[in-house]
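A quick write-up on the structure given underneath.
No lab work stands behind these numbers, since they all come straight from the coordinates. Since this is a predicted model, take the numbers as computed values, not measurements. Note that each Cβ is placed from the backbone with ideal geometry, even for glycine, and that neighbours are counted across all protein chains shown.
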Amino acid sequence: MKHISIIGTGNVAFHLSQAILKLDQWKLYQVYGRKPSATQEFKNDLALNDLQTVNDLNALGEVDIILCCISDNAIQEVISKLKLQTTLIAHTSGATALQNTAVNNAVLYPLQSFSKWKELNYQNIPFCIEADSERNLKLIKSLASHISTEVYHINSSQRLQLHLAAVFVNNFTNYMVKIGEDLCQQNNIDSSILQPLIIETFDKLKRMPATEAQTGPAKRQDHQSIEAHFNLLKNTNYQSLYQNISQHILNDYGKKL
């Protein structure tokens with residue numbers, strides 16, 4: 001059995017811990033967090049009374065892999081403080097390059113949006129891996145392959161582009177739904193009425209590329225509807241967003257506003 005420790009107590013750390021706990025081949029050994037209250041809460045949430053939690057990086061022992069599930073701006077600083085000689089240090093960021101600070105370096109980037117109590121099927125999550133040697137790549141691939149059936153060897157440059165694509169697909173899309181919910185609430189409409197449309201939008205994308213799935217006023221060049229929608233928006237930021245996105249769709253499909 002191989003041993004793994006985790007640095008971080010956020011959503012990614014929580015979900016990867018849950019995924020690891022399902023494995024027979026790997027054992028979660030230690031979890032590091034800056035605040036004792038955070039590590040204790042993390043331990044309680046996982047319902048693991050025997051999990052060793054530490055609040056000092058120097059207390060982390062040698063294991064097979066340490067996963068750094070922390071903010072991008074803290075990765076280099078934290079890894080540079082680790083003095084481990086045999087442990088493979090892997091961060092989980094999509095936007096941060098493979099590090100060269102530790103003796104052994106890798107990346108284990110799960111391409112998924114993580115909310116703490118939202119259950120996920122870890123076997124279907126794409127995991128993007130990279131390492132500084134064939135030996136380390138084999139080790140990080142072993143972990144990823146035990147968690148998921150979707151494992152991809154992707155370099156730092158590709159991973160950054162993939163992370164950018166994911167921001168458009170996930171984060172920006174979610175914000176658009178948030179605007180839709182706001183507009184419903186402002187007009188005393190139950191926003192749950194949008195749910196079937198949201199479901200169909202993403203279900204359709206399983207069957208055809210987004211270029212073919214596009215519909216709406218801008219796609220059909222319905223300038224009258226576009227102008228009416230624009231005038232309905234009282235929030236100038238929403239107006240700007242609506243106009244810019246409509247213009248991009250019109251550009252892609254043939255005409256300008």
Neighbour cut-off at most 13 other Cβ (10 Å), DSSP loop, trypsin sites (Lys or Arg not before Pro), segment 92-185: Lys116, Lys118
Which of Cys69, Cys184, Cys128 moves most in a GNM of the chain, Cα contacts under 10 Å? Cys184
For segment 50-123, what is the convex hull volume of its Cα atoms per residue in Å³? 132 Å³
In terms of modelled amide H atoms, which long-range or inter-chain residues lie less than 5 Å from the amide H of Val63? Thr87
Other residues with Cβ under 12 Å from the Cβ of Asn155 give, with Lys and Arg +1 and Asp and Glu -1, a net charge of -1
Calculated diffusion of segment 39-86, Stokes-Einstein form, Kirkwood radius summed over Cα pairs, 37 °C and 0.692 mPa s, µm²/s: 265 µm²/s
If the elastic network links every pair of Cα atoms under 10 Å, which of Gln40, Gln99, Gln243 fluctuates the most in the Gaussian network model of the chain? Gln243
Would you kindly derive the ³J(HN,Hα) couplings of segment 69-75 from the backbone phi angles with the Karplus curve 6.51 cos²θ - 1.76 cosθ + 1.60 (θ = phi - 60°), listing them in order in whole Hz, with x for Gly and Pro? 9, 10, 4, 4, 6, 9, 4
Semi-axes of the equivalent ellipsoid of the chain: what are they in whole Å, largest first, if each equals the square root of 5 times a C-alpha gyration tensor eigenvalue? 42, 21, 17
Return the whole-Å distance between the Cα centroid of segment 50-114 and the Cα centroid of segment 181-257. 41 Å
Determine, for each peptide in 225-232, 146-153, the mean count of other beta carbons within 10 angstrom over its residues, then list the peptides with the highest first. 146-153, 225-232
5 Å is the cut-off here: which amide hydrogens, built 1.01 Å from N in the peptide plane, fall below it relative to Glu130, excluding neighbours closer than 5 in sequence? Val107
State, in angstrom, two size descriptors of segment 72-190 derived from its alpha carbons: Rg to one decimal place and Dmax to the nearest whole number. 17.7, 61
Could you estimate the translational diffusion coefficient of segment 158-253 from the Stokes-Einstein equation, with Rh from the Kirkwood formula over C-alpha pairs, at 25 °C and 0.890 mPa s, in whole µm²/s? 164 µm²/s
Semi-axes of the equivalent ellipsoid of segment 2-154: what are they in whole Å, largest first, if each equals the square root of 5 times a C-alpha gyration tensor eigenvalue? 20, 19, 14
